[in-house]
Amino acid sequence: MRGHDTPLVRKLNAFVALSETELELLGRMHGRRRSFPAGRDIVHEGQVKRSAYVLASGWVCSYKTLAGGGRQIVDFQVPGDFLGLRSLLFRTADHNIEPVTRVEASEVLIADLLDGFAHSPRLATAILWAASRDEAMVVEHLVSLGRRNAQERTAHFLLELGARLTLVGMGTADGYACPLSQYLLADALGLTAVHINRVLRELREAGLVSFQKGQVEFHDLAGLVALADFDLAYLDHSGPLLK
């Protein structure tokens, strides 16, 4: 796959208008392509091997485990996202990454990243933007868990996923394909599977959004945005600041 055709490039172009040199550097990050089956961790909490990945296709979840065996899904990653980027900078990985579907991902070593930064400060800025956007999403997720009710947090999460997928060419204002089970969605939103099932039914019956058979469909996008008080500004998708 050519460097300028990847979801990663589409994503980074939202912040930095990438030059041919920067596209070539990003293209090299796709040289070590690997496939991973669903359900088998790509990165393990406590892992000391210093490598990360760029997700090319498929979906994964990042999660933390507790001593008693419980887990909390922190987020889901879609094509164009980095997986385990902190693993390159920390001495050990601080979370697990598990494919939700079969995925293809390109391994990125610390040498690849440092070489790219040395040759292109603009590329380093773009990747820093991507990491900062991920941090902004975590902040919104914390607000959802602490202050939004079940309908609001579900609506907000579905809208956020839609915006992220639209950025990389996998979603529209009408909706998007979504392989997440209700169990996974409930885990991420701090709800039970029974509760998320009821919330999704309420949103569907209200004519706002439906999530059935692996497809999210927006029926009243403006109404859903109003319910969730969703402000796209934290995702910073309004166009490149560096040109």
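The values are calculated or read from the model by the stated rules, or taken from the named source; none is laboratory data. Since this is a predicted model, take the numbers as computed values, not measurements. Cβ placement follows ideal geometry from the backbone for every residue including glycine, while neighbour counts extend to all protein chains displayed. The accessibility values were calculated without ligands, DNA or RNA, using every heavy atom of the protein model including side chains. Shrake-Rupley method; radii C 1.70, N 1.55, O 1.52, S 1.80 Å.
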Every listed condition ((1) under 18 Å from the mean Cα position of the chain (by Cα); (2) in a helix (DSSP H, G or I)) holds for Phe76 save (2)
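Conditions tested, residue by residue: (1) without any contact (Cβ under 8 Å) to a residue 12 or more places away in the chain; (2) not hydrophobic (A, V, I, L, M, F, W, C).
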| position | (1), (2) |
| --- | --- |
| Phe15 | no, no |
| Gly31 | no, yes |
| Thr65 | no, yes |
| Gly70 | yes, yes |
Checking Arg71, Arg10 in turn, the sole residue that is open to solvent by 60 Å² or more (accessible area, probe 1.4 Å), under 19 Å from the mean Cα position of the chain (by Cα), closer than 28 Å to Leu241 by Cβ and not β-branched (Val, Ile, Thr) turns out to be Arg10
- Query: Is it the case that the stretch 192-215 has a residue that's touching a strand residue (DSSP E or B) at 6+ places or on another chain (Cβ under 9 Å), open to solvent by 70 Å² or more (accessible area, probe 1.4 Å) and of a type outside the set (A, V, I, L, M)?
  - Reply: yes
When every residue in the stretch 105-129 that is small (Gly, Ala, Ser) and modelled with pLDDT under 90 is compared, the one nearest to Leu241 (Cα to Cα) is Ala126
Flagged in the stretch 145-162 as in a helix (DSSP H, G or I) and surrounded by fewer than 16 Cβ atoms within 10 Å (Cβ to Cβ), in numbering order, are Leu145, Gly146, Arg147
Going through the stretch 13-33 in order, the residues found to be within 18 Å of Glu107 (Cβ to Cβ), open to solvent by 20 Å² or more (accessible area, probe 1.4 Å) and part of a loop (DSSP other than H, G, I, E, B) are His30, Gly31, Arg32
Closer than 28 Å to Leu203 by Cα, loosely packed, with under 14 Cβ neighbours inside 10 Å, among the aliphatic types (A, V, I, L, M) and without any contact (Cβ under 8 Å) to a residue 60 or more places away in the chain: is that true of Leu142 in this structure?
yes
When the stretch 79-105 is checked residue by residue, the ones that are hydrophobic (A, V, I, L, M, F, W, C), within 19 Å of Arg40 (Cβ to Cβ) and either free of Cβ contacts under 8 Å to residues at least 40 places away in the same chain or open to solvent by less than 10 Å² (accessible area, probe 1.4 Å) (or both) are Leu83, Ala93, Ile97, Val103, Ala105
Every listed condition ((1) surrounded by 13 or more Cβ atoms within 10 Å (Cβ to Cβ); (2) touching a Gly at 6+ places or on another chain (Cβ under 7 Å)) holds for Ala177 save (1)
Among residues of the stretch 112-139 being in a helix (DSSP H, G or I) and of a type in the set (S, T, N, Q), the residue surrounded by the most Cβ atoms within 10 Å (Cβ to Cβ) is Thr125
Residue pairs within 8 Å by beta carbon, gap of at least six or interchain, first lying in the stretch 164-185 and farther than 12 Å from Lys213 by Cβ, second of a type in the set (D, E, K, R) and modelled with pLDDT under 95, listed first then second, are Leu167/Arg10; Leu167/Lys11; Val168/Arg10; Val168/Lys11; Gly169/Arg10
